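Down below is the structure, laid out as structure tokens.
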Amino acid sequence: MTGSSVTTHQSDPANRARLRWRSRRGLLENDLVLTRFLDKHEETLSDEDVDALTRLLDLADNPLLDLLLARKEPEGELDVPHVRALLERLRQA
């Protein structure tokens, strides 16, 4: 597999649409933060940013809201630098 055959998030419109769809949440607060963030930053997200956001989107709504509102900090598999960095950006959205 060559580097040129690797599909990045930014080069694949389907991946970008899928990420935006996954950002639609049951809790309005989450939905507002995620939509506002994507409206502002979607076109500049790196693959590492997308990985971090995907990890956060795997959470249920209430644990995600706790992280977004800084009521809790990432633990376990989420406690990695690129997730923490993206979470800080989300908290400022």
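The values are calculated or read from the model by the stated rules, or taken from the named source; none is laboratory data. Model, not experiment: these values are computed from the prediction. Backbone-built Cβ (ideal geometry, glycine too); neighbour counts: all protein chains shown.
A compact table of results
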| item | result |
| --- | --- |
| Any pair with Cβ under 9 angstrom, 6 or more apart, that starts in segment 7-22 at a residue that is under 18 Å from residue 37 (Cα atoms) and ends at one that is modelled with pLDDT under 80 and β-branched (Val, Ile, Thr) | 15/7; 15/8 |
| Number of the exception - residue 71 against (1) under 24 Å from residue 13 (Cα atoms); (2) part of a loop (DSSP other than H, G, I, E, B) | (1) |
| Where residue 17 falls short, out of the listed (1) at pLDDT 85 or above; (2) not in a loop (DSSP other than H, G, I, E, B) | (1) |
| Checking residue 53 against (1) surrounded by fewer than 17 Cβ atoms within 10 Å (Cβ to Cβ); (2) outside any loop (DSSP other than H, G, I, E, B), the condition it does not meet | (1) |
